[in-house]
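S.K.: Please read through the structure below; I'll follow up with questions.
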Amino acid sequence: MIKRIFTGGQKPVAGWGSRQGLVLSPQIGLVKFGASGPAVELGYRPKEVHEFLQTYKVTPGHFALRIVPMGASEVWGPNDRGDIWPESGLHPTDEQGRELTDAWWGYKSFEKNAHVYRHHFNFDPSFSIGRIVKAFWDPDMHRIELIAEVNSEQAPDIKEAAERGDVIEGSMGAKIPEGDVCSVCYNRALNRSMYCADLREHMGELTKEGIYIGAINEKPKFFDYSIVTKPAAKESGTVEFLKAASAKLSSADLAYEIKYDPDKVAMEQMIYEYSPKAHRIMSREKEIPTNYLVKLGSSVPLPVSVSSLYSLGILLNPLEFQTLVLSGTNTKLAEAYASNRLVFPPSKYSEPFTIDLSLVDKELVQQLVKFADYRSGFEPYFLARWRGIIPPDIPQVFRVFTGDALLNKIGSIYNGYREEALKNLGKLIDYYKTSPSTVTPFGITLEKSACWLGGLESPVTRLYFRAFCNYSWK
């Protein structure tokens, strides 16, 4: 099981929650170095962290963040998503209480595996904006602390936000290889489809006996720390900013199983940063064969064929859309335009076009799925093309044909189609949630179906759909 855990949301229990004015509302902040050494902004710093910072030098071109991501649930309680993080999972020890320094799970896995990303765009370390330099366990506060270095050129907004005192929010990616355990019935689940009724229906509630209903994460392996920024609420506070006087500072096994609901501004930033590469991939995606589109367009109503393709995350380029539309009335004209790569000119107008998921033809979907690997925008497929696992095709080249009223009309309809494709992504997610039988029309296992459904909610899928809708084909 893979989880995304948002920073914060843990409420102290048993009288804990305040130590020298510090409450565990885990945040991220810049740690500052002055001439007399590192500044102590919060009045508390674990001894091990303090000693490390006395000699630590920030890599030139980077800034450092001190992060307090989470604490043991025995002290700080569960987070607001119902996750319970026992101290034994965060701080592995033997029977004598000695730390297991070679454990693959727990706080040290941050140091061994984790990079710093934006928005969980974590499928390739080359997209990281930094790394976790050091991970600490604070035995007094029963919590994890991290020191991270972030590239100043790649994240000037994060640095500036922290310097202003804005809240810098983060969330973690963790693999739970052995699954999590229900705190009531002790059912062990390797994925969310295996959850018991307690966790499915009553997560975060109390039983009549006063037992908290949550998912116990026994051995988390952390692999990702992602950052977004928001305007500060002063009561939230920050941690510390580290800046080396000698340094010259200039101005992302994926999580499929928990809903990702990113901040709108953060999503816009991700689209801006990664759309160019998404567009390059789109320009070299293998096209659906013309003869297949002509046959499809001449035998199946346009709303049915387009909606069925859409249910697989397949979005049509201008020539494919034009061929499908023309084939409904004139197959020879459709073939002639397609063979000469002639396509409608870009239109500044948009005519309504409806994608209706109630029209999806399941038998047709079983035929169309053969195109998913090299055309679907759903995360598992798009990610394979992004990584080069599915090699790119030859670049798509179109010849604009002007002065034809029919093609001009199709051009404005195509704009409506692209707008509808983006607008209906949320409906597509709901469609698969409420119609589980449609998730596996071509034999995908239940476990893979869960991954697929999670993929629909991932930033990678959203990136593809957004990039598609603002792409200008040449």
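S.K.: So which residues in region 286-314 are in a loop (DSSP other than H, G, I, E, B) and buried (at least 24 other Cβ atoms within 10 Å of the Cβ), if there are any at all? Working first, answer last.
M.R.: The first filter runs over region 286-314 and keeps only residues in a loop (DSSP other than H, G, I, E, B), leaving 286-289, 300-301, 312-313.
The answer is GLY313, and nothing else.
S.K.: OK, next. If we keep just the residues of region 315-337 that are outside any helix (DSSP H, G or I) and either crowded, with 24+ Cβ neighbours inside 10 Å or outside the structural domain of ILE410 (by TED's automatic domain parsing) (or both), which is farthest from the chain's Cα centre (by Cα)?
M.R.: Ranking the qualifying residues of region 315-337, first place goes to LEU316.
S.K.: Shifting gears a bit: Here are SER126, SER109: which of them is in the same structural domain as SER226 (by TED's automatic domain parsing), of a type in the set (Gly, Ala, Ser) and surrounded by fewer than 20 Cβ atoms within 10 Å (Cβ to Cβ)?
M.R.: SER126 is the lone residue from the list that is in the same structural domain as SER226 (by TED's automatic domain parsing), of a type in the set (Gly, Ala, Ser) and surrounded by fewer than 20 Cβ atoms within 10 Å (Cβ to Cβ).
S.K.: I've got another one for you. Name the helices (runs of 4 or more DSSP H) wholly inside region 347-397 in which the number of residues that are within 15 Å of ALA278 (Cβ to Cβ) is 1 or more.
M.R.: Details: elements: 362-368, 372-375, 379-387.
Answer list for region 347-397: 372-375, 379-387.
S.K.: List the residue pairs whose Cβ atoms are under 6 Å apart, where the first residue sits in region 322-348 and is among the hydrophobic types (A, V, I, L, M, F, W, C), the second is not in a helix (DSSP H, G or I), and the two are 6 or more positions apart or on different chains.
M.R.: Sorted first by the residue in region 322-348, then by its partner, the pairs are LEU342/ARG399; LEU342/PHE401; VAL343/PHE398.
S.K.: Name, by its number, the condition in (1) within 29 Å of TRP104 (Cα to Cα); (2) modelled with pLDDT of 80 or more; (3) among the hydrophobic types (A, V, I, L, M, F, W, C) that does not hold for ALA197.
M.R.: Here ALA197 meets the rest and fails (1).
S.K.: Whether any residue in region 262-285 is at pLDDT below 85 and in a loop (DSSP other than H, G, I, E, B) is what I want to check.
M.R.: yes
S.K.: What do you reckon, is GLN396 under 20 Å from LEU293 (Cα atoms) and either of a type in the set (D, E, K, R) or modelled with pLDDT under 85 (or both)?
M.R.: Against the criterion (under 20 Å from LEU293 (Cα atoms) and either of a type in the set (D, E, K, R) or modelled with pLDDT under 85 (or both)), GLN396 qualifies.
S.K.: Is there a residue in region 219-230 that is farther than 30 Å from PHE63 by Cα and modelled with pLDDT of 50 or more?
M.R.: Yes, region 219-230 contains a residue that is farther than 30 Å from PHE63 by Cα and modelled with pLDDT of 50 or more.
S.K.: Go over the candidates SER412, SER458, SER376 one by one and state the one that is buried (at least 20 other Cβ atoms within 10 Å of the Cβ) and at pLDDT 85 or above.
M.R.: Among SER412, SER458, SER376, only SER376 is buried (at least 20 other Cβ atoms within 10 Å of the Cβ) and at pLDDT 85 or above.
S.K.: Let me ask something else about it. Within region 398-432, work out how many residues are outside any helix (DSSP H, G or I) and of a type in the set (A, V, I, L, M).
M.R.: Here the count works out to 1.
S.K.: Let me ask something additional. Out of the residues in region 46-90 meeting the condition of being under 14 Å from GLY214 (Cα atoms) and among the polar types (S, T, N, Q), tell me which one is farthest from the chain's Cα centre (by Cα).
M.R.: So, considering only residues that are under 14 Å from GLY214 (Cα atoms) and among the polar types (S, T, N, Q), the one farthest from the chain's Cα centre (by Cα) is SER73.
So that you can scan it fast, the table gives a plain yes or no per residue for (1) polar (S, T, N, Q); (2) on the phi > 0 side of the Ramachandran plot; (3) part of a strand (DSSP E or B); (4) at pLDDT below 85:
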position	(1), (2), (3), (4)
SER126	yes, no, no, yes
ASP140	no, no, no, no
ILE147	no, no, yes, no
GLU153	no, no, no, no
ILE168	no, no, yes, yes
MET172	no, no, yes, yes
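S.K.: Listed residues GLU145, GLU201; which is assigned by TED's automatic domain parsing to the domain that holds PRO125 and either more than 26 Å from VAL75 (Cβ to Cβ) or crowded, with 18+ Cβ neighbours inside 10 Å (or both)?
M.R.: Among GLU145, GLU201, only GLU145 is assigned by TED's automatic domain parsing to the domain that holds PRO125 and either more than 26 Å from VAL75 (Cβ to Cβ) or crowded, with 18+ Cβ neighbours inside 10 Å (or both).
S.K.: Something else now. Quick check, is PRO12 closer than 21 Å to PHE223 by Cα, modelled with pLDDT under 85, in a loop (DSSP other than H, G, I, E, B) and not β-branched (Val, Ile, Thr)?
M.R.: For PRO12, the condition - closer than 21 Å to PHE223 by Cα, modelled with pLDDT under 85, in a loop (DSSP other than H, G, I, E, B) and not β-branched (Val, Ile, Thr) - is not met.
The values are calculated or read from the model by the stated rules, or taken from the named source; none is laboratory data. What you see is a predicted model; the values in this text were computed from it and never measured. No Cβ is skipped: glycine too gets one built from the backbone with ideal geometry, and neighbour counts run over all protein chains shown.
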